[in-house]
Every structure is written in structure tokens, then in C-alpha cells.
1. Just the residues that are of a type outside the set (Phe, Trp, Tyr) and free of Cβ contacts under 8 Å to residues at least 60 places away in the same chain, please, taken from the stretch 249-268.
2. Of Ile212, Ile240, which residue is surrounded by fewer than 20 Cβ atoms within 10 Å (Cβ to Cβ), touching a Ser or Thr at 6+ places or on another chain (Cβ under 7 Å) and within 27 Å of Pro114 (Cβ to Cβ)?
3. Of all residues in the stretch 269-301, which are at pLDDT 90 or above, of a type in the set (A, V, I, L, M) and under 20 Å from Ser28 (Cβ atoms)?
4. Between residues in the stretch 213-229 that are in the same structural domain as Asn198 (by TED's automatic domain parsing) and residues that are buried (at least 17 other Cβ atoms within 10 Å of the Cβ) and in a loop (DSSP other than H, G, I, E, B), which pairs lie under 6 Å by C-beta distance while being six or more apart or on different chains?
5. Would you kindly identify the helices (runs of 4 or more DSSP H) lying entirely within the stretch 138-254 that contain at least 1 residues that are more than 23 Å from Ile39 (Cβ to Cβ)?
6. Residue by residue through the stretch 137-151, note down the ones that are in contact (Cβ under 8 Å) with a residue 12 or more places away in the chain and surrounded by fewer than 15 Cβ atoms within 10 Å (Cβ to Cβ).
Amino acid sequence: MKNLKTVTFVVILLVFMNANLLSQTLLSPYLTGSKNTAIQEISLQITQALKTGKFEITGNYNPAKNTNYQVITFTNEKLKEIVYQTPYYCYPAMVLKIALVSEGASTQIILLNPEYLINAFVANDITAEKLTELMQVSKDVLTVLKTIGIQLTKSGGELDSKVVQNFSYRPGSPDYKTLNEIAVFNSFQEALSTINQNLESRKSENIKVYEITNTTSKVAIIGVGMFHVTKGENNFISNINNNIIATLPFEIIIADNKVFLHDKAFRIPLFFPELQQVNFPNTMRNTKFIEEQLLIITQKE
């Protein structure tokens, strides 16, 4: 009888463990592939396919002012509709990104995995029903890319979706709700106007890549390309790997009369789960100028 109870307990335990494993969803931050097509041509193909698939192109630029790199940012109405209903720290989830890296006659394609992005920034702040709707948006992106012959595979390591949703590099480190306040203005309009004027004048070699503004909630997210020779994107792209290009541009968030950015001690390791703790200090040194450059564009004349 005792043996029977032991066997029964072991069976139940194994069933529980297997059910738990089956319920896990392992996510990679990137989906990558390549095509034997020049970067200019594949960029046009992707842009047209996304538009045909009812996605809105919000920006397009060459990171580090390097024509061998290109990033296309995009969104759609469903994504904006749902994210607009969440706190402002969730707004990065509405900006999807795909990077292109020229390899001569061929092009490397790096998609910042929409499913990973959505889980990281907004999954905890919406209902299960809304999350299912956003997962469909993620699937739609892949369907669009398949129409032009782009097949992508996982890259950059894997994390369980629950870990992604509650990501923190280590206990006590910043999470997706941790934003650094870098400026305060008299009003939302003054903040938006000042930043746009600085970006239009390319202050400290910074440019605007995209802007999505929710005037009702007085929230805006702005993607900023940083071209400064020693303090810009070139300073850290070459010291990490090509995957980081798909995380660009870095963004600032205007909420009412304040300007925020996510702590890089969250943002960098979030997209590099394979980053070893021994390499973390070096990576942070290579990105130390990011906040300085973003602070510059908030300064009034």
C-alpha cells in the first residue's frame, strides 16, 4: 500500500511537471534571417508589404549614419488602440522595429520580436483577451514578411514569457515601470515643442526617427537617432553585436509636462538575456552617453 502511494505521488508529480513545461512559452528577443537582395531593394519590399498588411510606417533611418544599417519602425491601429489604454511606461510596446544590415549583395534581417516586446512592456497591464489580440498582431507581422519570402528564426537567447513580463536583470534592478525623469516643463505642449525644435535643428547630432502622440492623454513617445561621433550609436553598436540595431532608436516618453526614459540597466539586458554579468559593466560603459544625449534635446535655448 505504501509503495502504491509512493508510485501515485511520483506519477502526479511528473504529470504536474510536464504540464508546467508544456505551459511555458520560450521567447527570443530577435527573429533573424537573410535574403540575397541588396539593402535598398529589400527595404522597399518590406515597407510596401507592411503597408499592404495595414501597418503604418512611423520611421526609417540609418543608425550611426551608416548606410549599411537601416531600421524601419512601424505600428498599427490595434496596437495603438490597446497600448493607449495603458500607463505611459508601456508605450514602447507600440513601436515595432526591423533592422537591415548590408552584407554586400545580401542583407541580414533582424526583427525585434513583437511577441517579446509586447510581453516585456505591456502584458502585465492588459487583460488576457487584449494580450491575445496583440499576439495576433505579432503573428500578422510574420505573415506579412513571409509574403515576400522572408523566413525568420529565433536569435539572442530565450526566456520564459513570465520572466520577460517581470524582467529585471537581478533583484533590485530596474524593471519596465522604472523610468528616469530627465526634464520638467510648464506643459505637455511646451515639452513636445522644445524637443521637436531641438531635433529639427539636430542639436548634438540627434534626429527624430518617429513620433507617436496621444493628445487625449498628453503622452508622446519619440524615437531619437544619435549621430554624435563619440557619444552616439556608433559608440556602442560596434561593441555589442548587430542585434542591438533592431532595438534602435532609443526612445523618450513625454507624459504631461515631464520627460522620461527607461533605465538602460533595464533596457539593455532586457534585449540581451545572454549577457553575462561579467560583461555587464563593460556594456554599460559603452552606452553611458545615451542619457546625456537624450537630456540635451530637452534643453531650452
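1. Hits for the stretch 249-268 are Lys264, Arg267, Ile268.
2. Values: Ile212 fails: surrounded by fewer than 20 Cβ atoms within 10 Å (Cβ to Cβ).
Within the list Ile212, Ile240, the selection yields Ile240.
3. Answer for the stretch 269-301, where residues must be at pLDDT 90 or above, of a type in the set (A, V, I, L, M) and under 20 Å from Ser28 (Cβ atoms): just Leu270.
4. Filtered contacts from the stretch 213-229: Gly223/Pro249; Val224/Pro249; Gly225/Pro249; Met226/Gly232; Met226/Glu233.
5. Details: elements: 161-165, 188-200, 234-237.
Once the helices (runs of 4 or more DSSP H) in the stretch 138-254 are filtered for at least 1 residues that are more than 23 Å from Ile39 (Cβ to Cβ), what remains is 161-165, 188-200.
6. Thr143, Thr147, Gly149, Gln151, listed by residue number.
The values are calculated or read from the model by the stated rules, or taken from the named source; none is laboratory data. Quick caveat, the model's predicted, so the values are computed rather than measured. Note: ideal-geometry Cβ built from the backbone for every residue, glycine included; neighbour counts use all protein chains shown.
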